[in-house]
Amino acid sequence: MIAPTEDYGGYRLIVVPILFLADEALTTKPTAYANDGGHVLVSYLSGIVDPTCAVILGGYPGAFRDLLGIRVDEFYPLFNEESRPIVTATGAHWTASDWTESIELATATTYATYASGPLRGCAAITENAVGAGTASCLSTRLNAAQLDDLIGHLIEATSIQPLASAPREVEITKRNSSEHDLVFAINHLAVDAAVDLGLPSHDLVAGCVFDGRLAAGAVAVLKVNRT
């Protein structure tokens, strides 16, 4: 996680989740980032008010309207047990919960559509070409598996390569030095997991060569030499 004011350099994909309050800088930075080839995903209820909590005029999503290439003309919140089916461009069937929005397309295209209810046939998820990059809008809440699928679609589109071959439940991050990489792996599963870095590594926690198996609930710090 990074603050909206931090440098986006080095990131191929930025996710903006429910960033309700936004100032001009928070509009300019992701737009410049996308123009330079970055990819942005903005969720519902983002960019609605300015730093004084005054609603940004001209239509929702306010600060991010031009970046996303859309205009939201009405909010359609859902009751706790209420949901709406969504169909994606690839034919996947997802479920919208908590919140939906009526989207008018300006320059954006539709990736997923509401399949029933008052917004039937309207865009639920959009994609907009911005310079060398893209900006997508998610107008509703998805469950964890469906959100993983959406992020996976964006990762594939941006050609981001994983740090290792491992189950999704294995959390992996990397820190670099001039001579080697340190890969931190945390297994959130209740069973052992296979982790393949593609290169030999030494587990600094266990004090031995890493054999590619990470025990249930275990943590490994893997030193990978570049030469």
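Just the residues that are of a type in the set (A, V, I, L, M, F, W, C) and assigned to a loop (DSSP other than H, G, I, E, B), please, taken from the range 17-51. Spell out how you get there, then give the answer.
Keep residues of the range 17-51 that are of a type in the set (A, V, I, L, M, F, W, C), which gives 18-22, 25-26, 32, 34, 40-42, 45, 48-49.
The answer is ILE18, LEU19, PHE20, ALA22, LEU45, ILE48.
Take the range 1-15 and flag every residue that is in contact (Cβ under 8 Å) with a residue 40 or more places away in the chain and part of a strand (DSSP E or B).
Step one: filter the range 1-15 for residues in contact (Cβ under 8 Å) with a residue 40 or more places away in the chain, giving 12-13, 15.
Residues satisfying the conditions are LEU13, VAL15.
From the residues in the range 134-149 that are without any contact (Cβ under 8 Å) to a residue 60 or more places away in the chain and aliphatic (A, V, I, L, M), which one is nearest to ALA115 (Cα to Cα)?
First, pick out the residues of the range 134-149 that are without any contact (Cβ under 8 Å) to a residue 60 or more places away in the chain: 142-149.
Add one more test, that the residue is aliphatic (A, V, I, L, M), and what stays is 142, 144-145, 147.
On the way: LEU142: 15, ALA144: 20, ALA145: 19, LEU147: 18 Å.
Taking the candidates together, the pick is LEU142.
Tally time: how many residues in the range 186-202 are in contact with a Leu (Cβ under 6 Å, 6 or more places away or on another chain) and either assigned to a loop (DSSP other than H, G, I, E, B) or over 14 Å from ARG168 (Cβ atoms) (or both)?
From the range 186-202, those in contact with a Leu (Cβ under 6 Å, 6 or more places away or on another chain) are 187, 193, 195, 201; that's our starting set.
Right, trim to either assigned to a loop (DSSP other than H, G, I, E, B) or over 14 Å from ARG168 (Cβ atoms) (or both) and you get 195, 201.
Qualifying residue count, the range 186-202: 2.
So is ALA63 under 22 Å from the mean Cα position of the chain (by Cα) and at pLDDT below 95 or not?
Considered against the rule, which asks whether it is under 22 Å from the mean Cα position of the chain (by Cα) and at pLDDT below 95, ALA63 comes out as yes.
I'm trying to understand the selection: among the residues of the range 16-48, which are touching a residue at least 60 places away in the same chain (Cβ under 8 Å), surrounded by fewer than 18 Cβ atoms within 10 Å (Cβ to Cβ) and under 13 Å from SER136 (Cα atoms)? Break it down stepwise before answering.
Quick first cut of the range 16-48, residues touching a residue at least 60 places away in the same chain (Cβ under 8 Å) only: 30-31, 33-44.
Okay, now just the ones that are also surrounded by fewer than 18 Cβ atoms within 10 Å (Cβ to Cβ), so 35-37.
Listed by number, the list is empty, since nothing qualifies.
Under the condition of being under 19 Å from GLN161 (Cα atoms) and touching a residue at least 40 places away in the same chain (Cβ under 8 Å), which residue from the range 181-224 is surrounded by the fewest Cβ atoms within 10 Å (Cβ to Cβ)?
LEU182
The values are calculated or read from the model by the stated rules, or taken from the named source; none is laboratory data. Nothing here was measured: the structure is a model prediction, and the numbers come from that model. When we count neighbours, we look across all protein chains shown, and the Cβ atoms used for this are built from the backbone with ideal geometry, even at glycine.
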